[in-house]
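The values are calculated or read from the model by the stated rules, or taken from the named source; none is laboratory data. Worth saying up front: this structure is predicted, and the values here are computed from it rather than measured. Neighbour counts are summed over all protein chains in view; Cβ atoms, including those assigned to glycine, are modelled from backbone coordinates with ideal geometry. Heads up: the accessible areas ignore ligands, DNA and RNA and are worked out on the full protein's heavy atoms, side chains in. Shrake-Rupley method; radii C 1.70, N 1.55, O 1.52, S 1.80 Å.
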Amino acid sequence: MTVAVQTGTWQLDPAASTVGLQQRTMWGLVTVKGAFTAVSGGGEVRPDGSATGTVTLDVASLDTKHAKRDTHLRSADFFDAGNHPEITFAARGVDRLDDNGVRVTGQLTVRGVSKPLSFTARLTGASAEALALDAEFTVDRAQFGIGWNQLGMMRGLTTVTAGLRFTRTAG
């Protein structure tokens, strides 16, 4: 089944979108999960089917269901929300791979450090008024200056999951 995507400008629907993270801790015995509750963004689909856009996460909105941990994650040990209140991903290219797969390439900025990032996403739905993408990829937090690891408790890469829904804007 090929999903057709309409050209034009699209706005992220924050109420229908989720961005979460998972990190193994306690020497690999426990997985901490969290979600950013404030997500924004938008993009443009060009006539050739390629796209560009930006997704922005409010660092202070990270919720792991543990207030003390959330405060620590927002501190300078981790995301440093006071100095770097947003995480952004600027998609420079979104290109179709097959019926429902897309290759996303862009720049991830965390704590003021920008690094290239590419991953495959799945187009899970598209109509004239809405489109949805699901993606999962890993990030090495040390590349962004997040090196805190007391007693070696945190190992491996951080897994990011995103379910993004965009609505077509007038214009």
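Scanning the range 22-46 for residues that are under 30 Å from GLN6 (Cα atoms), modelled with pLDDT of 90 or more and either of a type in the set (Gly, Ala, Ser) or open to solvent by 20 Å² or more (accessible area, probe 1.4 Å) (or both) returns ALA35, THR37, ALA38, SER40, GLY41, GLY42, GLY43, GLU44.
Conditions (1) in a strand (DSSP E or B); (2) touching a Leu at 6+ places or on another chain (Cβ under 6 Å); (3) touching a residue at least 12 places away in the same chain (Cβ under 8 Å); (4) closer than 23 Å to VAL5 by Cα, marked per residue:
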site: ILE87; (1), (2), (3), (4): yes, yes, yes, no
site: ALA90; (1), (2), (3), (4): yes, no, yes, yes
site: THR120; (1), (2), (3), (4): yes, no, yes, yes
site: LEU131; (1), (2), (3), (4): yes, no, yes, yes
site: ALA135; (1), (2), (3), (4): yes, no, yes, yes
site: GLN143; (1), (2), (3), (4): no, no, yes, no
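Taking LEU97, is it at pLDDT below 90 and over 17 Å from ALA121 (Cβ atoms)? Taking the combined requirement at face value, the residue does not satisfy it.
Yes/no matrix, rows are residues, columns are (1) crowded, with 18+ Cβ neighbours inside 10 Å; (2) of a type in the set (Ser, Thr, Tyr):
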residue	(1), (2)
THR71	no, yes
SER75	no, yes
PRO85	no, no
ASP98	no, no
ARG103	no, no
GLY106	yes, no
VAL110	yes, no
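Of all the criteria given as (1) in contact with a Ser or Thr (Cβ under 7 Å, 6 or more places away or on another chain); (2) closer than 19 Å to ARG141 by Cα; (3) not β-branched (Val, Ile, Thr), the one not satisfied by ARG92 is (2).
If you filter the range 39-68 down to residues that are in contact with a strand residue (DSSP E or B) (Cβ under 7 Å, 6 or more places away or on another chain) and among the charged types (D, E, K, R), you find that the one that is nearest to GLU86 (Cα to Cα) is ASP58.
Of all residue pairs spaced 6 or more apart or on separate chains, those with beta-carbon atoms under 7 Å, a first member in the range 38-61 that is in contact (Cβ under 8 Å) with a residue 40 or more places away in the chain and a second member that is open to solvent by 40 Å² or more (accessible area, probe 1.4 Å) and basic (Lys, Arg) are GLY49/ARG96; THR52/ARG92. Taking the criterion of being among the aliphatic types (A, V, I, L, M), within 25 Å of ASP48 (Cβ to Cβ) and at pLDDT 95 or above, the residues of the range 74-94 that qualify are ALA90, ALA91.
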